[in-house]
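To keep things clear, I will list the structure first and then write my remarks on it.
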Amino acid sequence: MKKKMLIVSAVLVSLLFAGVFYVSQYNFSIGLEHKEEKIIQHGFRLLEEQIGTYIKENYSGISKIEFSPIFIQGGKDNPPFTADVLPVIYDEEGNRAVLGGQIGKTGYPSYGTTGDLFLDFDQQGNESIFLEVSPILDKQIDVSIADQLPEEAKLTPPIKGTDDNIDALVNDGQLRNVKKSDSGSPNAKISYNTEIRRGSYSEWKP
């Protein structure tokens with residue numbers, strides 16, 4: 001009897017430790033393992049720097065660039081998995097406009113895992129992160145171990161989707177005196193956002 005009780009106790013202890021280990025590896029609020037959460041935050045921090053740097057260096061009249069939370073949908077049990085972020089631009093008059101929305105009859109895309117950012121793990125479980133640097137040439141750069149955007153991972157102008165979106169925001173009156181310029185906006189501030197939320201970026205109300 002004692003032997004049986006010892007075996008049962010050992011099994012219960014093993015299950016308890018397995019449960020604690022599982023909980024410690026998982027963020028239930030967003031339905032991700034912590035390693036998945038970490039790679040998403042790492043990859044999007046670099047993507048946001050890539051987008052923010054492109055806008056800052058190629059447009060004048062901008063005072064600030066910030067980003068929405070990272071919106072995720074789907075996952076292992078409900079594919080496909082997508083993650084998206086929206087840039088927000090402030091002009092020097094204080095006007096504020098969001099990229100990646102609907103302007104008139106034209107819709108502009110968000111930024112994320114549908115083509116700008118590629119996230120995976122290699123066979124050893126290490127992060128594998130690639131950023132697209134030239135949509136025209138379909139060229140990607142490995143930034144897996146980078147903490148800040150490498151020079152070679154900067155976007156190569158022109159970036160038609162972003163350029164068209166900014167032009168549309170200016171023409172719509174949401175932004176004023178924002179123009180394509182080699183001098184850029186050197187004093188513009190960039191604020192990054194790596195908060196992860198589950199839901200659709202289209203429902204975000206900035």
What are the residues in the range 96-125 that are touching a Ser or Thr at 6+ places or on another chain (Cβ under 7 Å) and open to solvent by 70 Å² or more (accessible area, probe 1.4 Å), if any? THR114, ASP120
Given (1) within 23 Å of GLY43 (Cα to Cα); (2) modelled with pLDDT of 95 or more; (3) of a type outside the set (D, E, K, R); (4) out of contact with any strand residue (DSSP E or B) (no Cβ under 8 Å at 6 or more places or on another chain), number of the condition GLY173 does not satisfy: (1)
Being part of a helix (DSSP H, G or I), open to solvent by less than 10 Å² (accessible area, probe 1.4 Å) and of a type in the set (Val, Ile, Thr) is the filter here, so list the residues in the range 40-62 that pass it. ILE40, ILE51, ILE55
Looking only at the range 68-85, which residues are under 16 Å from ARG197 (Cβ atoms) and either acidic (Asp, Glu) or open to solvent by less than 10 Å² (accessible area, probe 1.4 Å) (or both)? SER68, PRO69, ILE70, ILE72, ALA83, ASP84, VAL85
In the range 63-83, the residues that are part of a strand (DSSP E or B) and in contact with a Pro (Cβ under 9 Å, 6 or more places away or on another chain): ILE65, GLU66, PHE67, GLN73, GLY74
Of the residues ASP182, ASP116, ASP164, which is touching a Leu at 6+ places or on another chain (Cβ under 7 Å) and under 17 Å from ILE55 (Cβ atoms)? ASP116
Inside the range 84-132, the number of residues satisfying the requirement of being among the hydroxyl-bearing types (Ser, Thr, Tyr), in contact with a helix residue (DSSP H, G or I) (Cβ under 7 Å, 6 or more places away or on another chain) and in a loop (DSSP other than H, G, I, E, B) is 2
Of the residues in the range 133-163, those that are buried (at least 16 other Cβ atoms within 10 Å of the Cβ), in a loop (DSSP other than H, G, I, E, B) and of a type in the set (Ser, Thr, Tyr) come to SER144
Could you check SER181 against (1) closer than 21 Å to GLU66 by Cβ; (2) crowded, with 16+ Cβ neighbours inside 10 Å; (3) among the hydroxyl-bearing types (Ser, Thr, Tyr) and say which number it fails? (2)
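The values are calculated or read from the model by the stated rules, or taken from the named source; none is laboratory data. No experiment lies behind these values; they were computed from the predicted model shown. Counting neighbours? That spans all protein chains shown, and the Cβs are built from the backbone with ideal geometry, glycine included. Ligands, DNA and RNA are excluded from the accessible area calculation, which covers all protein heavy atoms including side chains. Shrake-Rupley method; radii C 1.70, N 1.55, O 1.52, S 1.80 Å.
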